[in-house]
Amino acid sequence: MSRAGAASRASTAATATGAGTGRGRGVGAGAGGPSEWAVARNWPVGTRPAVLRGWDPPATPYGPGHRGVDLAAADGAPVRAVAAGRVSFAGRVAGRGVVSVELTGTGEPPLRTTYEPVRATVHKGDRVAAGQVLGTAEAAGSHCTACLHWGLLRGETYLDPLTLLPPWLLNSGPSRLLPVLGVPLPGERPTPEGHPEPGERPVTRHGHAGRAAGDR
């Protein structure tokens, strides 16, 4: 391999792992791109919660920014692990309930998701499956109201937690029922075009036209 090719591969690997910069744009192939670690199987709260505030990494390790995303969550809403892993912390930090889960099979050091404020029902060392309840959202104690702060780290580097979501989960919307046209109602005889004849009454097994609603 040429020296230029090796340098390109090293740069790509650093971007994918968030290494080499405090502003790594996630664990995948760049901001908004597909993630190498799209291991989530569900949102941490709800089915598709509103993102009240997005990820805004600081320019420096101690600079201002938003090291995660805020998801709409009512008090008492179940908070679930987005992927399988091990609980690395469950307790209170500065008065807020926090749960951290190291994700299985995501390299070394492993990716770590954080959830707060949460009334934890799990304990440090517990193994959890994707979708398993970690606790319930608390009404207050965080930097936002009626929300769950969801974070993602590798080591000490903050990453965008939304990159854990595969496209089918990130982009899926609610199901909608569409109208079915050209299908006759029960008892109606379709025309060659597939529409029932206007004013036609269903025929009984004796060959007589049945009474329509309202006939007396």
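All of the numbers you see were taken from the coordinates with simple rules; none came from a lab. What you see is a predicted model, and the numbers here were worked out from it, not measured in a lab. All Cβ positions, glycine included, derive from the backbone under ideal geometry; neighbour counts span all protein chains shown.
Just order 82-88, 127-133 by mean Cβ neighbour count inside 10 Å, highest at the front, would you?
Most protected by this proxy first, the peptides run 82-88, 127-133.
Is the range 50-138 rounded, prolate or oblate when judged by the Cα gyration tensor, a ≥ b ≥ c being the square roots of its eigenvalues, rounded requiring a/c under 1.5 and prolate requiring a/b larger than b/c?
Because a/c hits 1.5 or more and a/b fails to exceed b/c, the range 50-138 counts as oblate.
Go through 98-110, 69-81, 42-54 and give me the packing order, highest mean Cβ count within 10 Å leading.
Ranking the peptides 98-110, 69-81, 42-54 by packing returns 69-81, 98-110, 42-54.
Amide H of Arg92: which non-local residues (sequence gap of 5 or more, or other chain) have their own amide H closer than 5 Å, using H built in the peptide plane?
HN-HN under 5 Å from Arg92: Val98.
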